[in-house]
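Enquirer: Quick one: structure below, then a few questions.
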C-alpha cells in the first residue's frame, strides 16, 4: 500500500494531476484544496490513498496529511466512497468539516453537491466519536496549535469539547486569529458561563 509519492507535477487540472516520479507518471485524483496548493512543474510530496478494485487501481492524493486522515475517516461512513469523500473535501475546508461534525451542524454539508440531509446526518453520527479523539484540524499550523491548546484547556476545566470548539472557533474568527492563548482561554471562559 502506498503512503506518499514524491515527484514533479507533469500535468495539473482542478480535479486530477499527473505526478512524474522516477520516470513513471501517476494519475492521481485530488481535491480542490490540494489542487489550489500546487502548481504544474512543482516538486511535491503527496500523501496518497490507493483504492484497488477488480479492474483498476485509483490513486487519491493530498498535500496535507490531515486532509488524507479526514478522507480515510469519511470513506468509513456507509454510502461514502472515495469520489464522494473527495467532493466533500473539495467543497469544504478541513476545519469546516471537523466543526460540522463536532457541533452536529448539518448546514456545513448542504452546499456540497450530492450531500443531502440524510448523508450529512450519517456522516455526523458515524464520525462524531472518532473525530473527537483526534486533534482539532485546521488549515494554519499556528491557528491549529492555538485552537488545540485552548480547547484542551477548556476540556480539562470540565467543558464539553463540542462547546469549547464552537466558542474558540467563533472567538478566533472575530479576532481575526490575532489573540494570545491566555486571552483566548479567558474570553472563552467568560462566554461559556
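Enquirer: Kindly provide the helix-only [θ] at 222 nm of the chain, computed as the sum of -39,500 (n - 2.57) over DSSP H runs of four or more divided by all residues, to the nearest 500 deg cm²/dmol?
Expert: Helix-only estimate at 222 nm: -15000 deg cm²/dmol.
Enquirer: Which order do 30, 112 fall in if you start with the one that has the fewest other Cβ atoms within 10 Å?
Expert: Exposure proxy ranking, most exposed first: 112, 30.
Enquirer: How do 34, 15 line up, fewest other C-beta atoms within 10 Å first?
Expert: By the 10 Å Cβ count, ascending: 15, 34.
Enquirer: Which whole-number percent of Cα pairs in region 4-62 have a distance greater than 13 Å?
Expert: The share of Cα pairs beyond 13 Å in region 4-62 comes to 56 percent.
Enquirer: Using the count of nearby Cβ atoms within 10 Å as a rough guide to exposure, how do 55, 183, 163 rank from fewest to most?
Expert: With the fewest neighbours first, 55, 183, 163 line up as 55, 183, 163.
Enquirer: Quick check: the angle from helix 65-74's long axis to the longest principal axis of the chain, C-alpha only, nearest 10 degrees?
Expert: Taking Cα atoms only, the helix is inclined about 90 degrees.
Enquirer: Short version: what are the Cα gyration tensor semi-axes of region 141-192, square root of 5 times each eigenvalue, largest first, in whole Å?
Expert: 15, 11, 9
Enquirer: I'd like the orientation of helix 117-132 relative to the chain: the angle between its Cα long axis and the longest Cα principal axis, in ° from 0 to 90, rounded to 10.
Expert: It works out to around 70 degrees.
Enquirer: Treating the angle as unsigned and between 0 and 90°, give the value, to the nearest 10°, between the Cα long axis of helix 181-192 and the longest Cα principal axis of the chain.
Expert: The helix 181-192 is inclined about 60 degrees to the chain.
Enquirer: Please quote Rg/Rh for region 65-132 to two decimal places, taking the Kirkwood radius as Rh and restricting both calculations to Cα atoms.
Expert: My calculation of the ratio gives 0.89.
Enquirer: Taking 8 Å as the Cα distance limit and 6 or more residues as the minimum spacing, I'd like the relative contact order of the chain as a percentage.
Expert: 13 percent
Readers should treat all values here as calculations from the given coordinates under stated rules, not as data from a laboratory. Treat the numbers as computed from the prediction; the structure is a model and nothing was measured. Using ideal geometry, Cβ is built from the backbone for each residue, glycine included, and neighbour counts are taken over all protein chains shown.
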